[in-house]
Amino acid sequence: MTAIHPIVSPNFDPQPIDVRFLVLHYTAVDLARTLEIFTDPARKVAAHLVVDVDGAIYECVPCWAGVALRGWHAGVSHWHDGLTRWEALNDWSIGVEIVNFNGNIFPFTDAQYRALARVVGHLRGQYPALAQAEAVLSHEQIAGFRGKADPGWCFDWPRFFTMCYPDQPAPVRAPICPPALRAALARLSEVAPANGSRANAFWERVSLLTETAVALAQR
Ligand SMILES: [Zn+2]
C-alpha cells in the first residue's frame with residue numbers, strides 16, 4: 001500500500017485534541033492549489049488530510065500516527081449528537097478534504113472512495129470514537145448556517161458508509177445547497193476553464209458565491 005505524503009503546514013495549533021469526529025470537505029480547487037493554500041500562513045487554514053482524485057493521501061496536520069493536533073478546517077461550527085452540543089469542531093475533529101472543484105455538481109472518484117475507506121479504517125484503529133459511523137460529519141452539517149456546503153450533493157454517503165461501516169446503519173447526511181442553486185452552479189460549469197490556475201481561480205470564487213447564497217438561504 002502506498003505511503004501517505006507528509007506536507008509541512010504552519011496552519012494548526014500544536015496541542016493534541018480529543019478526537020470525537022471526522023469532518024469531510026471538498027477543496028473547491030485542485031490538489032496543487034489546495035496544498036499551496038494549506039501551507040500559506042496568511043490563509044490560516046489546513047485540514048489534517050487531503051485526498052486527491054487519484055486516491056493519493058496527503059497529511060498537512062499530524063493525525064495519522066495516533067496523536068491529532070488541532071487543525072484549522074471547521075471554523076465556527078456546532079453539532080448536537082443527541083446528547084451533547086459540541087462547539088468549535090476544530091477542538092474535536094480530524095478534517096479530511098476531498099479534491100473536487102465543486103461537490104454539488106461534480107462526482108467524486110472511485111479512487112477517492114477507496115482512499116477514504118483506507119483513511120477511516122486506519123483512523124478507527126487510532127481513535128476509538130471513530131468506530132461509530134455517527135462520528136463522521138459533513139462540514140455543511142456543522143457550519144451550514146454560515147454557508148458551508150461541502151462535501152455536497154455529489155458525495156455518495158450511502159456508498160461511503162457501506163464501505164467504511166458495513167456493520168452499522170448509515171446515518172443521514174443531507175446536502176444543504178438548495179436544488180435551484182445547484183442547477184445554477186451546473187450551468188456555470190458549462191463555461192468553466194477545465195483545469196490549471198484559471199480553473200482554480202474560477203472555482204474558488206464560485207465556492208465563495210455558493211457560501212454566500214447558502215448562508216442567505218439559511219436565514
Ligand atoms: Zn469545508
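What ranking do 104-111, 4-11 get when scored by the average of other Cβ atoms within 10 Å per residue, highest first?
104-111, 4-11
Each peptide in 168-174, 137-143 gets a packing score, the mean of other Cβ atoms within 10 Å over its residues, and the list from highest to lowest is 137-143, 168-174.
Springs join every pair of Cα atoms under 10 Å in this Gaussian network model of the chain, and among 167, 13, 40 the largest mean-square fluctuation is at 167.
Structural descriptor for the range 5-218: relative contact order 24 percent, calculated from alpha carbon pairs under 8 angstrom and at least 6 residues apart.
What does the C-alpha gyration tensor say about the overall shape of the range 5-218? Classify as rounded when a/c is under 1.5, otherwise prolate if a/b is larger than b/c, or oblate. Judged from the Cα gyration tensor, the range 5-218 comes out rounded (a/c under 1.5). Peptides 78-84, 195-201 ranked from most to least packed give 195-201, 78-84, packing being the mean of other C-beta atoms within 10 angstrom over each peptide's residues.
Its DSSP H runs of at least 4 residues, each contributing -39,500 (n - 2.57), put the calculated 222 nm mean residue ellipticity of the chain at -10000 deg cm²/dmol, to the nearest 500. Charge dipole (Cα centre; +1 on Lys/Arg Cβ, -1 on Asp/Glu Cβ; no other charges) of the range 90-218 amounts to roughly 180 debye.
Only Cα pairs under 8 Å and at least 6 apart count here; give the relative contact order of the range 1-117 as a rounded whole percent.
Reported as a whole number, the value is 36 percent.
Every read-out reported here was derived from the displayed coordinates using simple, explicitly stated rules and does not represent laboratory data. Source: prediction; values computed, not measured. Cβ coordinates were reconstructed from backbone atoms using ideal geometry, including for glycine residues, and neighbour counts include every protein chain displayed.
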